[in-house]
Structure formats: C-alpha cells, structure tokens
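See structure below.
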Amino acid sequence: MVKKFTAQILLVVFFAGCSAPVSDTIPLIPKDHPANKFYHSAQLGMLSDKVCRDDQGDPTVPAGKIAEGKGYTKLGDLTAGVFRFRENATGKQYLGVSFLQYSGFLQIPKVCAWEKKK
C-alpha cells in the first residue's frame, strides 16, 4: 500500500515538473508587439498562416532555409521557438516565432516573421 502511494506521488511530481509554465510575452520584446499575441497562440496548439497574418506577421519565410542557413542567418534565440534572423540578400532583420501549421494529417513547421523597424 505504501509503495503504491509512493509511486503515485512520484508520478505526480514527475509530470508536474515536465510541464513548463507558459509565458504570455517574449523576453526583450515590447508587450504590445503583435508577435506576443501570436507567440501565446502558438504555444496553445497548431495554427494557420491566417493567424500569423492577422497578427501582422509574414508566414512566407521558409523555415527550412533559416535552419539550414540558406539565404538567412540566425542571429540568436530569445526563448524557446522565438529567434532573430537576417535575410542575407537584403540585410533586413526579423523576429521569428516557430509554429506548426496543420494541413490534413500533416504538421508543417513554419515561421511567422516580423521585420525589425529601424
């Protein structure tokens, strides 16, 4: 009986430790930046390109090319799934939020990007 109770307590502690608290804002980004709203939505589940556009982002930047360094340079991570990057051809800098887009049974990794204002 004591072993069963101890095992249950250990499972509860284990699963409680596995769930990270969800932050509402991106570190170092103003709270009113539209990326914060999208970031919060992206943590809750899969999204569509429309949600990115609704939050004034650009979903057309190819996530795979950023990861491979083809035409883009990743400048640094701000938090899990949020990073800064540069388009090599233009020198423009962006804030990117990773998300999964649903398409039938497929889950497609995507990036919603906001150009850095000068």
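Could you tell me how many of the residues in region 30-87 are over 14 Å from C112 (Cα atoms) and of a type in the set (V, I, T)? Residues flagged as over 14 Å from C112 (Cα atoms) and of a type in the set (V, I, T) within region 30-87 amount to 2. Those strands (runs of 3 or more DSSP E) of region 42-118 in which at least 2 residues are surrounded by 19 or more Cβ atoms within 10 Å (Cβ to Cβ) and touching a Phe, Trp or Tyr at 6+ places or on another chain (Cβ under 7 Å), considering only elements entirely within it, cover 82-87, 93-103, 106-115. Would it be correct to say that G57 is in contact (Cβ under 8 Å) with a residue 24 or more places away in the chain, at negative phi and within 11 Å of the chain's Cα centre (by Cα)? Considered against the rule, which asks whether it is in contact (Cβ under 8 Å) with a residue 24 or more places away in the chain, at negative phi and within 11 Å of the chain's Cα centre (by Cα), G57 comes out as no. Applying the criterion of being at pLDDT 90 or above and among the β-branched types (V, I, T) to the residues of region 17-41, the residue that is surrounded by the most Cβ atoms within 10 Å (Cβ to Cβ) is I26.
Based on what the data block shows, is L95 touching a residue at least 12 places away in the same chain (Cβ under 8 Å), farther than 20 Å from D24 by Cα and of a type in the set (A, V, I, L, M)?
Values: touching a residue at least 12 places away in the same chain (Cβ under 8 Å): yes; farther than 20 Å from D24 by Cα: no; of a type in the set (A, V, I, L, M): yes.
Taking the combined requirement at face value, the residue does not satisfy it.
The values are calculated or read from the model by the stated rules, or taken from the named source; none is laboratory data. No experiment lies behind these values; they were computed from the predicted model shown. Neighbour counts run over all protein chains shown; Cβ positions are idealised from the backbone, glycine included.
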